[in-house]
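The values are calculated or read from the model by the stated rules, or taken from the named source; none is laboratory data. Since the model is a prediction, treat every value here as computed from it, not as a measurement. For neighbour counting, all protein chains shown are included, and Cβ atoms are generated from backbone atoms with ideal geometry for every residue, glycine included. These accessible areas exclude ligands, DNA and RNA; they are computed on the full protein's heavy atoms, side chains included. Shrake-Rupley method; radii C 1.70, N 1.55, O 1.52, S 1.80 Å.
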Number of protein chains: 2
Amino acid sequence: MRSSKKKILNDFKEYLKRENLKFTPQREEILNEILKTKGHFEVEDIVYSLKNKKKNVSRATVYRTLAILKDLGIVNEVIKYKNKTIYELGLTKHHDHLICVNCGKIIEFFNSKLEKLQDKICKDYSFHPMSHRLEIYGLCKDCYDNQNKIS
Amino acid sequence: MRSSKKKILNDFKEYLKRENLKFTPQREEILNEILKTKGHFEVEDIVYSLKNKKKNVSRATVYRTLAILKDLGIVNEVIKYKNKTIYELGLTKHHDHLICVNCGKIIEFFNSKLEKLQDKICKDYSFHPMSHRLEIYGLCKDCYDNQNKIS
DNA sequence: ATGGTTGCAAAATGTTTGCAATGGC
DNA sequence: GCCATTGCAAACATTTTGCAACCAT
């Protein structure tokens, strides 16, 4: 495993200590829940899972903890979709998304040329990039084939 | 002018007729306001401008009209930033965005190499692209300089 | 006159915040 | 014991919606 749960937990604890924050059961539960989630998630997912497990963690605490985890880089905001924020575990290698507008499938990809080209563009505009998000919308192979079969 | 205001207005009227919708003074005022805006805008900008001109158009109507204009392709949602939607006139040539996380400034750019590279990537994944959105977050020159001045 | 449209206010949604009680360290 | 943290509810911000009056066609 690239980054073990143990290591992440330690990073989290160290970060909290460094920032003079406290390691609480709630924060631990939230982190655990996020680590269990392999893909994308939103606040409500975490609240719901914890409630199901009879762990009492308030929605406010989830929001507050996510803010910390975001600062730490353990989670990233992926996108605001339908007025709500979607997060992902930020430990995986950076990647972009191909999103099928028909079936909703999300294909992840990474292309270093693309990354370099973006850096060059930023330089041209004297812009100092911190992160980026590329979403390409269209039809995945299956949906494209199906569509052409029918018509 | 690539697409005159007159033509857009006509497109709008035709679309409304086709969809069995009505051309109302409010819809005309909203469209005019949007056409006057050269760059990005949000709902509040439109509401505020119209109020200043003593044109009585409710916020609800602005939202409802924007939904129509979005379907028609006259406006596009650019991003959801800080939980609010930012729009732009959708008639301009395709471009991507550099977004300053400090001052919120949005810089537009277009790079044909980038477009071609994306097409290639899609081909590699047998994905048939229809549109895309690239947002690069970071610091604009001014904010970057200011930040480094202080510390 | 018919049926879409409007403004309003209320509701819905997602997120943030003030505060008293709690609990890490 | 200090001070960050928590849960709660209230506050906020944006967007959506129900409804009665209205108006474009």
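Please determine whether any residue of the range A:22-30 is more than 10 Å from DNA strand D (Cβ to nearest atom) and either over 26 Å from B:Asn83 (Cα atoms) or surrounded by 16 or more Cβ atoms within 10 Å (Cβ to Cβ) (or both). No, the range A:22-30 has no match at all.
Quick check on the range B:6-41: of everything there that is charged (D, E, K, R) and under 16 Å from the mean Cα position of the chain (by Cα), which residue is farthest from B:His94 (Cα to Cα)? Can you show your working first?
Initially, the range B:6-41 is screened for residues charged (D, E, K, R), giving B:6-7, B:11, B:13-14, B:17-19, B:22, B:27-29, B:33, B:36, B:38.
Next, only the ones that are under 16 Å from the mean Cα position of the chain (by Cα) stay: B:33, B:36, B:38.
Details: B:Glu33: 22, B:Lys36: 19, B:Lys38: 15 Å.
Here the answer is B:Glu33.
Take A:Thr85 and decide whether it is in contact with a Lys or Arg (Cβ under 7 Å, 6 or more places away or on another chain) and surrounded by 14 or more Cβ atoms within 10 Å (Cβ to Cβ). Considered against the rule, which asks whether it is in contact with a Lys or Arg (Cβ under 7 Å, 6 or more places away or on another chain) and surrounded by 14 or more Cβ atoms within 10 Å (Cβ to Cβ), A:Thr85 comes out as no. Please go through the range A:31-66 and give me each residue that is of a type in the set (Ser, Thr, Tyr), surrounded by 15 or more Cβ atoms within 10 Å (Cβ to Cβ) and near DNA strand D (Cβ under 10 Å from one of its atoms), ordered by number. Residues satisfying the conditions are A:Thr61, A:Thr65. Quick check: is even one residue across the range B:101-119 within 16 Å of DNA strand C (Cβ to nearest atom) and more than 13 Å from chain A (Cβ to nearest Cβ)? Within the range B:101-119, one or more residues are within 16 Å of DNA strand C (Cβ to nearest atom) and more than 13 Å from chain A (Cβ to nearest Cβ). Filtering the range A:2-21 to residues that are at negative phi and loosely packed, with under 11 Cβ neighbours inside 10 Å leaves A:Arg2, A:Ser4, A:Lys6, A:Arg18.
Quick check: is even one residue across the range A:24-33 of a type in the set (Lys, Arg) and free of Cβ contacts under 8 Å to residues at least 40 places away in the same chain?
No, that holds for no residue.
When we screen A:Ala60, A:Ala67 for residues that are more than 15 Å from A:Leu89 (Cα to Cα) and free of Cβ contacts under 8 Å to residues at least 40 places away in the same chain, the only hit is A:Ala60.
Of all residues in the range B:116-151, those being loosely packed, with under 14 Cβ neighbours inside 10 Å and either within 20 Å of the chain's Cα centre (by Cα) or of a type in the set (Phe, Trp, Tyr) (or both) number 2.
Note on the range B:73-82: among residues that are open to solvent by less than 50 Å² (accessible area, probe 1.4 Å) and more than 19 Å from B:Val101 (Cβ to Cβ), the one that is nearest to the other protein chains (Cβ to nearest Cβ) is B:Gly73. Residue-level check: of (1) within 30 Å of A:Lys120 (Cα to Cα); (2) within 14 Å of the chain's Cα centre (by Cα), B:Ala67 misses just (1).
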